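Asker: I have a structure here, written as structure tokens, and I will follow up with some questions on it.
The values are calculated or read from the model by the stated rules, or taken from the named source; none is laboratory data. The structure presented is a predicted model; accordingly, all values stated were derived computationally and were not measured. Every residue, glycine as well, gets a Cβ built from its backbone with ideal geometry; the counts of neighbours run over all protein chains shown.
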Amino acid sequence: MIDPVLDISASVRAAVVAVLGAAGESADLAIHRSEHADYQADVALAVARLLKRPPKEVAAAIVERLPPSDVLSDARVSGPGFINLNCRPEYLAMQLDRMRADSRLGIESALHPDTTVVDFSSPNLAKEMHVGHLRSTILGDSLARILDCLGHRVIRQNHLGDWGTPFGMLIEHMLDEGAAGNNDVRELSAFYRAARLKFDGDPQFADRARRRVVLLQSGDPPTLEHWRRLIDATTSHIDALYKQLHVALSRDDIAGESLYNPRLEGIVGELERAGLARSSDGAVCVFLPGFVSREGQPLPLIVRKQDGGFGYAATDLAALKHRLQALRAHRVLYVVGAPQSQHFAMVFDTARRAGWVPEGARLEHVAFGSVLGQDGKELKSRAGGAVSLSALLDEALLRARAIVDERSSSLEEGERARIAEIVGIGAVKYADLASDRIRDYVFNWSRMLTFEGNTAPYLMYAYARIRSILRKAGVDAATPASGPAAVRIDSPAERALALEILQFPGTLARVGETLQPHRLCQQLFRTATAFSGFYDACPVLNAEPAVRSSRLALCKLTARVLARGLELLGIDVPESM
Ligand code: ARG
């Protein structure tokens with residue numbers, strides 16, 4: 001693994017143990033990049049609290065006990081007890097050379113790969129996919145790519161809402177119309193609306209729809225046949241959207257709610273026998289310690305409704321059991337909006353009590369905030385209704401096209417169209433990924449499409465610029481290390497760039513744990529910014545031969561990091577711009 005933080009930790013750890021004794025083995029070293037030095041360690045503050053000694057003194061004691069090192073050139077106490085650490089330039093150069101020679105850019109494959117289920121996207125087929133599903137789709141796709149790259153066995157699961165009462169109405173409407181619209185998502189929502197209108201306005205139709213639900217739930221073969229046709233038609237709409245978004249989610253990844261329908265009866269029976277579920281007001285519920293309503297009443301997880309039907313919770317319990325036992329997952333991720341956090345907490349707790357969760361398995365709700373408009377309220381279309389995703393992506397393409405036409409007017413038409421597609425889709429995805437997922441996210445066209453700041457266009461432009469430098473120099477950009485030159489780190493701007501590049505593998509490993517793609521975005525942005533500082537300060541093409549090839553190697557490595565990082569976010573890069 002290429003990770004300066006790990007290498008520095010080894011030295012700092014030895015010094016902390018020398019000061020603190022065995023307790024130092026597990027102390028949090030808190031080593032991070034810093035403006036004041038290459039890295040800073042904050043460990044002395046915590047150790048000082050334990051020893052009840054002044055932090056400055058403890059920091060000095062740690063610095064004094066740092067063993068001789070090939071990694072660190074110097075260490076100094078700063079401020080109230082921080083330790084500033086600088087790396088040897090030869091160490092940085094050597095790590096960069098290792099990274100250059102490695103097709104995986106120093107990213108290590110997990111020693112103990114986890115089978116990880118990522119439940120994401122999961123729209124409801126009886127409604128139009130909304131911006132919340134867009135967030136889940138973009139975040140989940142990126143997390144699946146990152147975990148896969150870290151060597152885990154990733155199983156994508158699209159928990160489609162493809163079952164339940166609305167399907168009675170939709171099947172009847174499809175039978176009346178003879179089709180469920182073509183592949184245009186807008187037609188699909190018109191289809192839903194028409195079915196709903198008929199249901200509300202035509203009692204005979206409503207009757208038929210209700211009878212159809214009963215037939216569907218009792219497994220009537222012709223009804224199932226119609227249902228299958230409806231699902232196929234609607235699934236092709238979402239397939240088109242995934243394709244436009246470059247989301248790696250296929251029909252094979254679909255494990256919709258209907259899949260678990262035959263198992264719900266058994267699940268509820270099992271929970272009842274285990275004493276976890278009991279009847280309450282005609283429904284069957286699980287009551288769990290610690291889950292109470294605002295009024296202090298025990299909060300039920302309803303697994304069987306009063307009318308005898310099964311709902312969302314029962315389906316999720318069946319799905320979780322399947323994932324743990326049949327798919328043998330060690331880690332199950334649910335990329336779903338924050339409002340469902342209590343639902344998942346209760347489902348996870350129930351599964352644990354039912355004994356389905358093996359020791360060490362991790363169940364995680366990867367929650368995210370709402371998508372807001374610039375007024376701070378739920379994002380709405382101009383007409384005031386929910387925003388249609390296909391309209392949103394069309395607008396992204398139009399806006400990106402206008403920008404590319406203006407900036408790159410010398411490129412030919414087809415080329416500009418291709419770049420606009422990469423920029424438009426990339427900008428929408430990046431803006432979502434770059435903000436801390438748990439916070440509400442404000443959708444803002446001009447911010448996501450600007451070439452300044454932490455945006456997709458900025459990173460794409462940095463990449464395209466490097467590619468153009470490499471083309472001018474005649475450097476083959478595709479292969480790992482090429483050219484004999486070893487990298488040399490002389491100037492401060494080279495050093496600053498080196499430090500950012502070397503953060504890449506460690507950042508990815510951390511994102512695999514915290515499931516926060518915005519940290520990867522931040523790191524790519526810092527890398528691109530450091531590149532621009534480097535390119536301003538350090539001549540590349542006109543430098544003397546040894547310096548030139550070292551700097552070209554830095555350029556190429558930067559481009560590889562940016563392209564790989566964006567790819568892991570599910571974003572393409574243009575070769576020129
Ligand atoms: N279809 C659900 C919704 O739109 C999301 C499903 C998330 N996954 C799950 N296993 N519950 O709210």
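Asker: How many residues are in a strand (DSSP E or B) and either within 12 Å of the ligand (Cβ to nearest atom) or of a type in the set (D, E, K, R) (or both) if we restrict to the stretch 96-139?
Answerer: Result for the stretch 96-139: 4.
Asker: Another question about this same structure. Can you tell me how many residues within the stretch 48-61 are buried (at least 22 other Cβ atoms within 10 Å of the Cβ) and out of contact with any strand residue (DSSP E or B) (no Cβ under 7 Å at 6 or more places or on another chain)?
Answerer: Qualifying residue count, the stretch 48-61: 1.
Asker: Select, from Ala509, Ala543, the only residue that is under 25 Å from Pro113 (Cα atoms) and surrounded by fewer than 20 Cβ atoms within 10 Å (Cβ to Cβ).
Answerer: Just a single option satisfies the conditions, and that option is Ala509.
Asker: Return the pair list, or none, for Cβ contacts closer than 7 Å from residues in the stretch 325-351 that are among the hydrophobic types (A, V, I, L, M, F, W, C) to residues that are within 13 Å of the ligand (Cβ to nearest atom) and in a loop (DSSP other than H, G, I, E, B), at least 6 apart or on different chains.
Answerer: So the pair list comes out as Val335/Phe120.
Asker: Quick test for you: out of Leu333, Leu324, pick the one residue that is more than 27 Å from Pro166 (Cα to Cα), within 16 Å of the ligand (Cβ to nearest atom) and part of a strand (DSSP E or B). So that I can check it myself, show each step before the final result.
Answerer: On the way: Leu324 fails: part of a strand (DSSP E or B).
Exactly one residue qualifies, and that residue is Leu333.
Asker: Looking at the stretch 422-467 only, could you name the residues that are among the aromatic types (Phe, Trp, Tyr), within 15 Å of Ser408 (Cα to Cα) and in a helix (DSSP H, G or I)?
Answerer: Residues satisfying the conditions are Tyr458, Tyr461.
Asker: Could I ask something else about it? Tell me, which strands (runs of 3 or more DSSP E) lie completely within the stretch 1-93 with 1 or more residues that are more than 36 Å from the chain's Cα centre (by Cα)?
Answerer: By residue number, 72-78.
Asker: Taking the stretch 379-398 only, how many residues are among the charged types (D, E, K, R) and at pLDDT 90 or above?
Answerer: The number of residues fulfilling the criteria is 2.
Asker: In the stretch 516-540, how many residues are buried (at least 20 other Cβ atoms within 10 Å of the Cβ) and assigned to a loop (DSSP other than H, G, I, E, B)?
Answerer: 1
Asker: Which one is nearest to the ligand (Cβ to nearest atom), of the residues in the stretch 158-178 that are among the small types (Gly, Ala, Ser) and crowded, with 21+ Cβ neighbours inside 10 Å?
Answerer: If we take residues in the stretch 158-178 being among the small types (Gly, Ala, Ser) and crowded, with 21+ Cβ neighbours inside 10 Å, then Gly164 is nearest to the ligand (Cβ to nearest atom).
Table: residues versus (1) at negative phi; (2) modelled with pLDDT of 95 or more.
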residue: Ala456; (1), (2): yes, yes
residue: Ile469; (1), (2): yes, yes
residue: Gly474; (1), (2): no, no
residue: Ala478; (1), (2): yes, no
residue: Ala485; (1), (2): yes, no
residue: Ala498; (1), (2): yes, yes
residue: Leu502; (1), (2): yes, yes
residue: Arg510; (1), (2): yes, yes
